[in-house]
């Protein structure tokens with residue numbers, strides 16, 4: 001005879017919800033502020049490069065012919081802007097992979113995590129939140145509509161946009 005009772009309640013270990021870390025969702029305004037601040041940081045970088053190029057390159061080329069200086073100005077400007085975009089992309093990707101944050105999200109103390117609170121992998125961040133969204137928003141005529149609907153989803157109770165739903169992510173406040 002065994003001690004097995006088929007009518008006995010299961011003895012599954014249960015996690016105590018009070019002991020689990022509580023993740024507070026980032027508010028809509030902070031998420032909008034982070035998006036705006038990331039754009040502002042990039043814009044300031046463009047302005048610095050533009051002013052530097054506008055002042056330095058013509059001064060360096062004052063002895064050379066005018067038509068050459070004009071085309072060289074645009075080439076140097078394009079290279080500097082390309083370097084800035086690449087540097088910001090690398091910086092943000094490194095921080096996204098390490099902390100789940102862009103520069104602005106770090107400043108505003110919010111981060112991206114999986115819906116269960118785990119860190120988000122780089123493939124999920126880049127593939128689903130960035131590249132797939134870029135492809136969908138690039139579709140002629142439907143892309144802008146999709147982009148608007150994506151943003152409007154933040155007004156749901158769970159504050160998740162379509163890109164959050166596709167990548168199974170949430171944006172939370174940093175608690176430290």
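Please go through (1) assigned to a helix (DSSP H, G or I); (2) touching a residue at least 12 places away in the same chain (Cβ under 8 Å) for residue 111 and return the number of the only condition it doesn't satisfy. Unmet condition: (1).
Restricting 154, 170 to residues that are in contact with a strand residue (DSSP E or B) (Cβ under 7 Å, 6 or more places away or on another chain) and either under 18 Å from residue 112 (Cα atoms) or assigned to a helix (DSSP H, G or I) (or both) narrows the list to 170.
Among the residues making up region 18-31, those that are at pLDDT 80 or above and exposed (fewer than 13 other Cβ atoms within 10 Å of the Cβ) are 24, 28, 29.
Residue 101 fulfils the conditions (1) assigned to a helix (DSSP H, G or I); (2) under 16 Å from residue 31 (Cα atoms) except for a single criterion, (1). Determine whether region 34-45 contains at least one residue that is assigned to a helix (DSSP H, G or I) and at pLDDT below 85. Among the residues of region 34-45, at least one is assigned to a helix (DSSP H, G or I) and at pLDDT below 85, which makes the answer yes.
Going by what's in this entry, would residue 174 be described as farther than 18 Å from residue 36 by Cα and under 13 Å from the mean Cα position of the chain (by Cα)? The answer is no for residue 174.
Condition (residue is at pLDDT 85 or above, touching a helix residue (DSSP H, G or I) at 6+ places or on another chain (Cβ under 7 Å), surrounded by 10 or more Cβ atoms within 10 Å (Cβ to Cβ) and closer than 28 Å to residue 103 by Cβ) applied to region 52-64: is it met by at least one residue? The answer is no, given that none of the residues of region 52-64 is at pLDDT 85 or above, touching a helix residue (DSSP H, G or I) at 6+ places or on another chain (Cβ under 7 Å), surrounded by 10 or more Cβ atoms within 10 Å (Cβ to Cβ) and closer than 28 Å to residue 103 by Cβ.
The values are calculated or read from the model by the stated rules, or taken from the named source; none is laboratory data. Since we're looking at a predicted model, the values are computed, not measured. Here Cβ is always computed from backbone atoms with ideal geometry, including for glycine, and neighbour counts include all displayed protein chains.
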